[in-house]
Amino acid sequence: MSKTLKIVLAANLIVLAVLAFVHPHLMVGPGKLIPGHSKLEKDCFACHAPFVGTTTERCTTCHKPGEIGRLTTLGQPIQKPLTSTPFHQRLLKQDCLACHSDHAGVKRFRIKGRFNHVLLQADARKECQSCHKSPKDSLHQQITGNCSQCHTQEQWVPATFDHAKYFVLDRDHNVKCVTCHLRNDYSLYTCYGCHEHSSESIRREHIEEGIRDFKNCVECHRSADEHDIRMPGRRRDGGKGHDGKRNDD
Amino acid sequence: MTTPGTASLWRNHILPFTLLVTLLGVATVIGDYLLHRLDLVWVGRYLGIPGTLLIIGSLTYSLRKRKVIASGNVKSWLSMHEIGTWLGSLMVLLHAGVHFNAILPWLATIAMGVNVISGMVGKMLLGRSREHVQTQREHYQLRGLSKVEIEQAVFWESVTFDAMTKWRKVHIPIFIVFAVLALGHIVSIFLFWGWR
């Protein structure tokens, strides 16, 4: 390698090294910082300890755990808090990096909107509605609390609501909710939302069987199985039934 | 109309070179797609480590060639150098992904790419050089050398061939730039990253 080439190479590399110190956010920073920390973009060691990385202790120097969600780092009340109830005070331990990453390039590796509820104290885990708003649909508007009856803390859907308790959704009834629950009103249902059932044919079949009260289909039909028909309040031999095979509850 | 010499140059040298470069690009795109599809993006983040180790390991060939290391078949070391740097580069490219965050690691990636292409040009030139020194084989046979000794001697003739010497004058500075930039990136990671 010629001497000139060596000098050119060395000069270029020295320039790059100088740039890394003068503009570290451009040269080595893994993406933009969050807007709240943008003033720190040239001061890497405000958050990073050399060879150790970012520690919770560094974060809590400015962000006092007792004030998070209530006051800004300057001690001013937060005008528009991100959550309706401050919850950082109810974490099992302060481990900021378990949820937060400030550089855009690092945030990419985090799954968005995924908060591990295990980080919360046990009693706080039961108070879903202090952080989450109940959906506006008519089903959820009727329910208060007890979210864990249907939903897990890992994800909202699939919910463990057991539809089979009311009606078995078999392959012939694998349809969108709105087919039976018009306008997503889960307090009501109709069996006439598909081409298979028409009010006229249902009326005719039931009248033939001597059944006159057939408005509430699921009272007797809990599935599409024609042998699984329950007729509460009626005796097994009470008049003609569907194929004579009734299961009275 | 192509002459037999041109056809052989294309078939024996330019085509394998083009295939190797294309394969590296295609493998990177497919690998990156699979990592995203299988929700294994975090794996790509750490592929830089084995990739770098493979590239460093493959430098053993340079040490053997310069006789810093005395043992081992130099042709095998060369094969390991070629495979190690190709595979290591693939891992580093997957590690880089298509994420434009900082300038220094991207300069290192570009330098690595130039280095890989330069290496493949060297591989092509070495093949050409081997063809030129084939006439030496008879000379060594007449001197009564064994088959293994002849292979070694022909190999050394080809790596010291004029074209190779000229190529090395380009390849080594490219490698030094890549090494320094990569080192800068690695030092910055150790300096700022929380290893836990």
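The table below lists the values:
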{"read-out": "For A:27-36, mean number of other protein chain Cβ atoms within 10 Å", "value": "4"}
{"read-out": "GluC sites (Glu not before Pro), loop per DSSP, at most 11 other Cβ atoms within 10 Å - longest free stretch of chain A", "value": "A:1-153"}
{"read-out": "The stretch B:80-161, dipole about Cα centre (Lys/Arg Cβ +1, Asp/Glu Cβ -1), debye to the nearest 20", "value": "60"}
{"read-out": "Cα-centre dipole for the protein assembly as shown with unit charges at Cβ (Lys and Arg positive, Asp and Glu negative), debye to 20", "value": "1860"}
{"read-out": "Residues whose placed amide H lies under 5 Å from that of A:Ile229, excluding near-sequence neighbours", "value": "A:Asn247"}
{"read-out": "Residue order, fewest to most surrounding Cβ atoms within 10 angstrom, among B:Tyr140, B:Tyr33", "value": "B:Tyr33, B:Tyr140"}
{"read-out": "Paramagnetic reach from B:Trp106 (point 7 Å along Cα→Cβ, amide N under 13 Å) across the stretch A:7-39", "value": "A:26-32"}
{"read-out": "Spin-label model distance (nm) - B:Gln152 vs A:Ile14, 7 Å beyond Cα toward Cβ", "value": "4.5"}
{"read-out": "Along each principal axis, Cα extent of chain A, largest first, Å", "value": "106, 51, 27"}
{"read-out": "With at most 10 neighbouring Cβ atoms within 10 Å, loop trypsin sites (Lys or Arg not before Pro) (DSSP) excluded, longest segment of chain A", "value": "A:1-92"}
{"read-out": "Taking the stretch A:3-149 and dividing mean pair separation by its residue count, relative contact order in percent (alpha carbons under 8 Å, at least six apart)", "value": "19"}
{"read-out": "Per-selection Rg to Rh, the stretch B:1-155 - Cα, Kirkwood hydrodynamic radius", "value": "1.07"}
{"read-out": "Cα centroid of the stretch B:166-196 to Cα centroid of the stretch A:10-51, whole Å", "value": "18"}
{"read-out": "In degrees, nearest ten, helix A:3-22 long axis to first principal axis of chain A (Cα)", "value": "60"}
{"read-out": "Model label zone, A:Thr55; criterion: amide N under 16 Å from point 7 Å along Cα-to-beta-carbon; scope the stretch B:170-196", "value": "B:191-196"}
{"read-out": "Fewest-first sequence of B:Val98, A:Val218, B:Val41 by Cβ atoms within 10 Å of each Cβ", "value": "B:Val98, A:Val218, B:Val41"}
{"read-out": "Net lengthening on full extension, A:His163/A:Ser187 (0.36 nm per residue, minus Cα-Cα)", "value": "7.3 nm"}
{"read-out": "Relative contact order (%) - criterion: Cα under 8 Å, at least six apart; region: the stretch A:1-71", "value": "15"}
{"read-out": "Inter-probe distance in nm under a simple model that places probes 7 Å from Cα toward Cβ, at B:Tyr46 and B:Gln136", "value": "4.6"}
{"read-out": "Contact order normalised by residue count of chain A, Cα under 8 Å, 6+ apart, percent", "value": "10"}
{"read-out": "Order of A:Met27, B:Met112, A:Met1, A:Met231 under a 10 Å beta carbon neighbour criterion, fewest first", "value": "A:Met1, A:Met231, A:Met27, B:Met112"}
{"read-out": "In order through the stretch A:71-88: 3J(HN,Hα) via Karplus (6.51 cos²θ - 1.76 cosθ + 1.60), integer Hz, x for Gly, Pro", "value": "10, 6, 5, 8, x, 8, x, 6, 6, 10, x, 6, 10, 5, 10, x, 10, 4"}
{"read-out": "Convex hull volume of the stretch A:3-149 per residue (C-alpha atoms, cubic angstrom)", "value": "157"}
{"read-out": "Amide H contacts under 5 Å for A:Gly31, placed H, 5+ residues apart", "value": "A:Gly105, B:Ala102"}
{"read-out": "Distance in nm between pseudo-label sites at A:Asp95 and B:Thr22 (7 Å out along the Cβ direction from Cα)", "value": "4.9"}
{"read-out": "Helical mean residue ellipticity (222 nm; -39500 (n - 2.57) per DSSP H run of 4+; nearest 500) of chain B", "value": "-26500 deg cm²/dmol"}
{"read-out": "The stretch A:218-227 - phi-based ³J(HN,Hα) in whole Hz, Karplus 6.51/-1.76/1.60, Gly and Pro as x", "value": "6, 5, 10, 9, 9, 7, 7, 6, 5, 8"}
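Read the figures in this text as sums done on the coordinates, not as results from a lab. Here the structure is a predicted model, which means the values were calculated and not measured. Quick reminder, even Gly has a Cβ in these numbers, built from the backbone with ideal geometry, and neighbours come from all protein chains shown.
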